[in-house]
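What follows is a single structure, written as structure tokens, with notes after it.
The values are calculated or read from the model by the stated rules, or taken from the named source; none is laboratory data. Computed from a predicted structure; not experimentally measured. Cβ sites come from the backbone with ideal geometry, for glycine too, and all protein chains shown count toward neighbours. All accessible areas refer to the heavy atoms of the entire protein, side chains included, with ligands and DNA or RNA removed. Shrake-Rupley method; radii C 1.70, N 1.55, O 1.52, S 1.80 Å.
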Amino acid sequence: MFLAFTLLAAASTSCTVVDGDTLHCGAERIRLLGIDAPDDPSNGRCRPYPKPGAICDARLAAASKASLRQIITGPLRVTRISTDDYGRTLAMVYVRGRSLSCLQLEAGRAIYKPKWDNGWMVAGECPGAVYR
């Protein structure tokens, strides 16, 4: 069982894109639930050797980050689910009623990670993108 709570955040003033699956909203780092975007090779997941499953590609990482930056136009609704081992908030984040996780999957800018999908929320909201 998990507890979720929601907060509205103004994307234009308080949230910035860290990479294709992480936002920085004020002092909070928010990891999008259920997805994994490519990492820049300088990222800790990629050095000194890539961790299992890591996608270490500078071009793909930049494209994923740019994609997320383009879609966070307007107010964001953040539904916090839990925190990860790095202290980041795991959340479903929405813009104009659409999940950012789903949008990144649909754009081909991230991959679905079932083990990171607490409560199967991403699979439930965007099954077409998850199971293609």
Just in the range 43-132: which chymotrypsin sites (Phe, Trp or Tyr not before Pro) are loop by DSSP and have at most 12 other Cβ atoms within 10 Å?
-> TYR86, TYR131
Once the dipole of the chain is set up with Lys and Arg at +1 and Asp and Glu at -1 on Cβ about the Cα centre, which of GLN104, ALA27, LEU90 lies farthest towards its positive end?
-> GLN104
Once all protein chains are kept in place, SER82 shows an accessible area at probe 1.4 Å, nearest 10 Å², of 40 Å²
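Over the chain, what percent of the accessible surface lies on carbon and sulfur atoms, probe 1.4 Å? If you can, show how the numbers build up before the last one.
Numbers: 4110 of 7110 Å².
Summing carbon and sulfur atoms, their accessible area is 58 percent of the total for the chain.
Which percent, to the nearest 5, of DSSP beta bridges fully inside the range 21-132 are antiparallel? The partial results should precede the final answer.
Values: 15 of 19 bridges.
Around 80 percent antiparallel, to the nearest 5.
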Per 5 Å bin, what is the whole-percent P(r) computed from every C-alpha pair distance within the chain?
-> 2, 11, 22, 25, 22, 13, 4, 1
Between LYS113 and LYS51, what length in nm is gained on full extension when 0.36 nm per residue of separation is reduced by their alpha carbon distance?
-> 20.8 nm
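Show ARG45, ARG77 ordered by accessible area, largest first, where the area counts protein heavy atoms only and the probe is 1.4 Å. Walk me through the numbers on the way to the answer.
Working: ARG45 55, ARG77 90 Å².
I get ARG77, ARG45, largest accessible area first.
Using a cut-off of 13 Å between beta-carbons, work out the net charge of the residues near ALA54 (Lys and Arg +1, Asp and Glu -1, ALA54 not included).
Details: positive: ARG45, ARG47, LYS51, LYS113; negative: ASP19, ASP21, ASP36, ASP39, ASP40, ASP57.
In short, -2.
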